[in-house]
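K.L.:
Quick one: this structure, given as structure tokens, is what I'll be asking you about.
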Amino acid sequence: MRSTLVSDAHLSGLDDPNQAALVEFLETWPTDEWVLVGDIFDVWWGFDRAVFSAFIPVLGAFWRLTRRGVRVVVVPGNHDFYAGPALPELGVDVLNPWARVDGGLRIIAAHGDVADDRARQRILTRAFQSRATALAIELLGPSVSWRAMRRVSNWSRTDRKEPHCPELMRLQARWVDQRLGSEADVVCIGHSHAPGIEERPQGMLVNIGDWMHHRSFAVVDDGIELYRWKDGKHTPLSGPPERRPWARS
């Protein structure tokens, strides 16, 4: 069984080239299971009987995949933490974390934002995931909430411009080490936008990277490998987690 893991597309609208590229990838790459490891949407809220029209292309791809018997799993991230009823109605499974045993290897995937205890991230998480914010979003409805959440997202993304985010990488490695051995042999994460594979004392850290800049993804199929997608072809990625110099700006 082949599982393909993608994270951090940060889809932003109908005219976002990331969305068109992701839809093409979803519909052409051969896999038995898609695992979307957080922040696939730059903003998302699971309203009852309503979705943001900006994401109709990728939501349509989810629907077509699940109808064909391909499993689609969404692992919530810090930008799309509340899935709501819409995704399950499309046949999507919402799991946190995703877990699988492959050839005796215990593999889990989580977005990785819970490891990020920097003050700025803590403030944003507490504010955005509070009950008061949830009530406000529901009262405002999709149209007004979309504009408000887009502003917050744009303001919060400044640390993505750092070339390596060393503090975040250190925090994530510590969080992964706490799970290796006892919970898993391989831990896959996103959030830091730095694709790479690193051997740790008790297992392996796989940073999926991001679809937004690197077009990177991981494949679990009798082992785990990291790849880059470009011009309809995949090439292997090696080395420790880092932001690659060829990443799209």
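Rule-based calculations on the coordinates, nothing more; no lab input. As the structure is a prediction and not an experimental result, all values here were calculated from the model. Please note: Cβ atoms are built from the backbone with ideal geometry, for glycine as well, and neighbour counts cover all protein chains shown.
K.L.:
Using the Cα centre of the chain as origin and beta-carbon charges of +1 (Lys, Arg) and -1 (Asp, Glu), tell me which of 77, 205, 227 is placed farthest towards the positive end of the dipole.
P.N.:
Of the listed residues, the answer is 77.
K.L.:
Can you tell which of 237, 65, 140 shows the greatest fluctuation in a Gaussian network model of the chain with Cα springs below 10 Å?
P.N.:
140
K.L.:
Report the per residue volume, in Å³, of the convex hull enclosing the C-alpha atoms of region 178-224. Intermediate results must be reported in sequence, preceding the final value.
P.N.:
Details: hull volume 3.5 nm³, N = 47.
Output value, Cα hull per residue: 75 Å³.
K.L.:
Looking at the chain, what % of the alpha carbon pairs are farther apart than 23 Å? Walk me through the numbers on the way to the answer.
P.N.:
Values: 14508 of 30876 pairs.
Roughly 47 percent, once rounded to a whole number.
K.L.:
Please give the charge dipole size of the chain, origin at the Cα centre, charges +1 on K and R Cβ atoms and -1 on D and E Cβ atoms. Round to the nearest 20 debye.
P.N.:
On the way: 30 positive and 32 negative charges, 119 e Å.
I would put it at about 580 debye.
K.L.:
Here is a further query. Among the complete DSSP H segments of the chain, which ones combine at least 15 Å of alpha-carbon extent along their axis with a mean Kyte-Doolittle hydropathy of -0.5 or more? Please list the in-between numbers first.
P.N.:
Details: long enough: 17-28 (17 Å, 0.16); 56-67 (16 Å, 0.69); 131-156 (22 Å, 0.03); 166-177 (16 Å, -0.54).
Correct list, ordered by number: 17-28, 56-67, 131-156.
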